[in-house]
1. How many residues are closer than 30 Å to Arg8 by Cα, assigned to a loop (DSSP other than H, G, I, E, B) and of a type in the set (A, V, I, L, M, F, W, C) if we restrict to the stretch 31-84?
2. Can you tell me which residue within the stretch 17-71, out of those that are within 25 Å of Lys2 (Cα to Cα) and among the basic types (Lys, Arg), is farthest from the chain's Cα centre (by Cα)?
3. Return the only residue of Tyr21, Tyr56 being at pLDDT 95 or above and surrounded by 12 or more Cβ atoms within 10 Å (Cβ to Cβ).
Amino acid sequence: MKPIKFDRDETKAIVGEIQDYFRNELDQDIGVIPSEMLMQFFADKMGAYYYNRGVYDAQAALKARMDSLHDDLFALEQRTKHLR
């Protein structure tokens with residue numbers, strides 16, 4: 001898996017979320033650089049877990065759609081004397 005990279009606007013938004021969390025939940029202020037370091041730590045060490053969860057969810061959604069499509073196609077079949 002290639003490293004997770006965020007553009008400048010995404011990084012700014014994530015850093016803001018980290019700073020808000022520290023301020024609101026921990027009653028602590030955290031600077032931009034420590035926030036970026038924490039963001040990078042989570043991206044490096046835990047990003048794959050979140051990424052994989054997204055892949056698993058996409059696989060489940062695709063399987064459900066394919067099962068539904070299979071059922072829809074089966075319903076289109078015309079009745080004949082030939083048995084499958």
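The values are calculated or read from the model by the stated rules, or taken from the named source; none is laboratory data. Model, not experiment: these values are computed from the prediction. Cβ atoms come from the backbone with ideal geometry, glycine included; neighbour counts cover every protein chain shown.
1. Total meeting the criteria: 1.
2. Lys45
3. Tyr21 is the lone residue from the list that is at pLDDT 95 or above and surrounded by 12 or more Cβ atoms within 10 Å (Cβ to Cβ).
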